[in-house]
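The block underneath contains the structure these notes are about, expressed in structure tokens.
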């Protein structure tokens, strides 16, 4: 042990951490080892993206690499704590009704699963752009109208109701077809203070517990939306406003999936571009308290993101000369890395790493400590398979599903004008375009348009309030009659 | 925790201790507070393990499975020791050796004799003597 020099990454952190290397060079493995180091330093870990293999929830399994740890112990000497560790983990499952199974993995007190719903008024136009790409002025108007009109405790069902009655003419909007309708169908949009809305303040406070976003049951088209929503809320609404501490790390594997610069010719690319810009913004202001840690194969895939923010650049084996040039050229000019070191990167062993910290020269790490938790291996299978093999304990969420089903079964609010005009009219949506147009004319006639404008702040009332008002009117009517009769 | 050892015992331990790069130059061996606690826990676990072993019938798969489950439940209360014990478990049941065959032999001897020799046991599972330095896996991520 006397001939080796131990290595500690820089602390306090002042920027993001990027890990580069070819497939199988151990970059995810090193990413985790370093994130675990910062966890011990008191950082809250937000594991946002587990890559295509869904490695996020692997935090729940202590490393089974006993042999590796023993070998490591031989080199560094007796260890204070034995390597593998079991962390407190919160597995967060966004509520997508049809996608979620009836049981979720849970093993208290260390590992808990939590459903996630979203307060619809928290959703911004930016979030929507992660799903539909370009948000048209009409779509902006419609979403703002919904947010402004409905009360705080409305649900997705009320949004649909409002849409079917007041906003029918906008049914062809991308916003409705690809955002509102599917989200309402999956019952994820709920009112304020619903028990499964994430309480960011409390979650951030509990630094001991690792937050893991499980995206196995999120439809592909909503993955950016969920990640973006969580990060935006956390960063702009809590960290930037000093409502929570400034020690947060958002962790991503395979960043190239969304950081790759692509041709912005179709809608999907616009979505990726929007999300990329959003992550770049957060990365730029990392020092405000949310640091991005992620790995990717080629620095070319994240070009433009890292320049100027490379506080912790970790390079694993990188055979491509072009990649080496992109990541090292500027550093070489600044004399922070030598040509010999650059050449060495092309043939490094998986346990080795070259690390470049802010303002310092490149350092070669001869051996990186193995992560304390499990990393994906070819023979393992996915998270659920391993969970069944090791813990096999689950929590039943059918009750929660029924609760949300009930919440969505009835609309809680009716539109006052609609109620008055349409009376007992059947509210079912007619199928033919003609009928729709007729209804639209009826509901959105000139008089009612005026009403909408005049009653911007009081468009809707709860059913109870309306009944109460009606009974008051009846009482007044009868009391007048009686007085007249008496007179 | 202080332990007084005989000259013979000390010599024997010193050989192991040298292997592990620790120095022992006094007859009274000092344990850090943390080590003392860990040793106590470990001994407690070890006794429990031994009692289960004694109640086992030879070569019965069901019994072994039962033991594993019992062990698993029991170990939940001792998170830190989980891996140390599972490691021990591997040593009992497989031919995997991590370079220190002496450890395995000592444990086997203890099992066969079915008695607990404390000093030997501690020697075979934990380093003894004044700790010069230990690697903290929470504070480092590798070496250069």
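A short reminder: the numbers here are calculations on the coordinates, not readings from a lab. Just so we're clear, the structure is a prediction, and the values are computed from it rather than from any experiment. Here the Cβ positions follow ideal geometry from the backbone for every residue, glycine too, while neighbour counts run over all protein chains shown.
Yes/no matrix, rows are residues, columns are (1) more than 30 Å from residue A:109 (Cα to Cα); (2) part of a helix (DSSP H, G or I):
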| site | (1), (2) |
| --- | --- |
| A:141 | yes, yes |
| A:187 | no, no |
| A:195 | no, no |
| A:204 | no, yes |
| A:211 | no, no |
| A:227 | no, yes |
| A:233 | no, yes |
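Just one of the listed residues (A:113, A:129) is in a strand (DSSP E or B) and within 21 Å of the chain's Cα centre (by Cα), namely A:113. Confirm whether residue A:116 is touching a helix residue (DSSP H, G or I) at 6+ places or on another chain (Cβ under 7 Å) and either away from chain B (no Cβ under 14 Å) or surrounded by 22 or more Cβ atoms within 10 Å (Cβ to Cβ) (or both). Taking the combined requirement at face value, the residue does not satisfy it. Of all positions in segment A:2-23, none carries a residue that is in a strand (DSSP E or B), over 21 Å from residue A:311 (Cβ atoms) and within 7 Å of another protein chain (Cβ to nearest Cβ). I'd like to know if segment A:23-35 contains one or more residues that are farther than 23 Å from residue A:207 by Cβ and surrounded by fewer than 21 Cβ atoms within 10 Å (Cβ to Cβ). Yes, some residue in segment A:23-35 is farther than 23 Å from residue A:207 by Cβ and surrounded by fewer than 21 Cβ atoms within 10 Å (Cβ to Cβ).
Within segment A:363-380, the set of residues being part of a loop (DSSP other than H, G, I, E, B) and surrounded by 14 or more Cβ atoms within 10 Å (Cβ to Cβ) comprises A:366, A:369, A:370, A:371, A:372, A:374, A:375, A:376, A:380. Scanning segment A:326-362 for residues that are within 17 Å of residue A:30 (Cβ to Cβ), part of a loop (DSSP other than H, G, I, E, B) and in contact with a strand residue (DSSP E or B) (Cβ under 7 Å, 6 or more places away or on another chain) turns up A:351, A:352, A:362. Residues in segment A:64-89 that are surrounded by 20 or more Cβ atoms within 10 Å (Cβ to Cβ), more than 7 Å from chain B (Cβ to nearest Cβ) and touching a helix residue (DSSP H, G or I) at 6+ places or on another chain (Cβ under 7 Å): A:89 alone.
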